[in-house]
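Data block below; observations after.
The values are calculated or read from the model by the stated rules, or taken from the named source; none is laboratory data. What you see is a predicted model; the values in this text were computed from it and never measured. Cβ placement follows ideal geometry from the backbone for every residue including glycine, while neighbour counts extend to all protein chains displayed.
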Amino acid sequence: MRTHGQPIVVRGPSRWQRGRPLTSASIRNGVILGAAASAAIGVILLSQQLLLLALTLIGAAVAALIVLASALLARPKAFVTDRRAWYDVEKWCRTILAAWPHVEGIAGIQDVASVIASARWDIARLQDEKGNLVAARDEATFAQYGIDVDDPLRLDLADRRDQVILRLTALDEEIVRRTDRLRTLAEHCIHLGYQPKLAGKELKRRRRAREALAKVDSAIVEAAPWNIRPDPTTDLSEQTAMVVVAYRELIGKNAQDPPSRSWHL
């Protein structure tokens with residue numbers, strides 16, 4: 001569904017391959033802060049007549065900002081007109097990146113930021129193409145008005161409009177597939193992110209239950225009269241008797257003339 005208002009501008013990865021790392025938020029902010037600090041120190045040194053060192057620091061700051069600006073300007077743009085759908089995409093991307101530190105050890109994938117950035121940009125480009133196709137479809141529809149039904153120009157417009165509609169249908173299906181996968185991944189990340197917490201709570205509950213069982217059993221044994229208290233050696237005696245029987249059977253099978261022996265428990 002298209003919404004009113006200006007389209008959302010989405011930036012993709014920089015076309016300058018070596019400058020792509022500079023466009024990440026952490027590195028970009030670090031470069032800006034470093035350049036600002038270098039320029040400030042250079043100005044201070046300049047006031048103290050240390051021209052060479054001051055100009056070196058200021059020049060390094062300017063060069064860093066130029067490189068950063070080049071990397072940022074090389075980023076392509078996509079225009080998304082479906083604002084509501086794009087807000088969902090942004091929400092799922094944030095959810096995945098926020099939950100991933102808890103999921104990383106379970107899923108076994110370490111660097112997910114680049115994968116999500118690529119998926120986000122692909123969806124943005126598809127949305128941009130969808131907006132262009134919708135505009136072309138509407139233009140072809142409105143251009144037919146006032147032209148005779150049998151006019152070849154109108155037939156050409158109708159043919160182009162049908163082609164655009166077919167392409168738009170296939171594009172919508174691809175957008176739905178990609179966004180559904182992103183939404184499913186976000187739901188999985190939320191679920192897996194809670195697993196360590198749930199597992200910890202479950203372990204605590206089971207440990208408390210076992211401690212309670214031990215205390216209850218101890219209290220029952222201490223409170224019971226001697227004549228009805230269970231004998232701790234009962235199970236041990238039964239297990240020992242079973243071992244002896246099995247051992248006798250084994251000796252009887254392997255020995256031709258087994259010696260006559262007496263077993264006493």
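Of everything listed in (1) touching a Ser or Thr at 6+ places or on another chain (Cβ under 9 Å); (2) hydrophobic (A, V, I, L, M, F, W, C); (3) within 29 Å of residue 132 (Cβ to Cβ), the single unmet condition for residue 9 is (1).
Checked against (1) in a helix (DSSP H, G or I); (2) surrounded by fewer than 12 Cβ atoms within 10 Å (Cβ to Cβ), residue 158 passes all but a single condition, namely (2). Do we have any residue at all in the stretch 71-82 that's over 25 Å from residue 16 (Cα atoms), in contact with a Pro (Cβ under 8 Å, 6 or more places away or on another chain) and either at pLDDT below 85 or of a type in the set (Gly, Ala, Ser) (or both)? No, that holds for no residue. Once the stretch 146-170 is narrowed to residues that are within 26 Å of residue 130 (Cβ to Cβ) and β-branched (Val, Ile, Thr), the residue that is nearest to the chain's Cα centre (by Cα) is 169.
Only one of the listed residues (167, 120) is charged (D, E, K, R) and at pLDDT 90 or above. That residue is 167. Restricting the stretch 12-62 to residues that are hydroxyl-bearing (Ser, Thr, Tyr) and not in a helix (DSSP H, G or I) leaves a set whose member that is farthest from residue 126 (Cα to Cα) is 24.
Within the stretch 1-24, the residues that satisfy the criterion of being modelled with pLDDT of 75 or more and surrounded by fewer than 13 Cβ atoms within 10 Å (Cβ to Cβ) are 6, 9, 18, 21.
In the stretch 63-78, the qualifying residues are those that are touching a helix residue (DSSP H, G or I) at 6+ places or on another chain (Cβ under 8 Å) and under 13 Å from residue 121 (Cβ atoms), and the one that is surrounded by the most Cβ atoms within 10 Å (Cβ to Cβ) is 78. Residues in the stretch 130-180 that are closer than 21 Å to residue 89 by Cα, charged (D, E, K, R) and out of contact with any helix residue (DSSP H, G or I) (no Cβ under 8 Å at 6 or more places or on another chain): 3 in all. For the stretch 63-94, filtered to residues that are among the β-branched types (Val, Ile, Thr) and either without any contact (Cβ under 8 Å) to a residue 24 or more places away in the chain or part of a loop (DSSP other than H, G, I, E, B) (or both), the residue that is farthest from residue 34 (Cα to Cα) is 81. When restricted to residues that are among the hydrophobic types (A, V, I, L, M, F, W, C) and in contact (Cβ under 8 Å) with a residue 12 or more places away in the chain, the stretch 46-61 contains 7. All conditions but one from (1) among the aliphatic types (A, V, I, L, M); (2) over 30 Å from residue 92 (Cα atoms); (3) at pLDDT below 70 apply to residue 198; the one that does not is (2).
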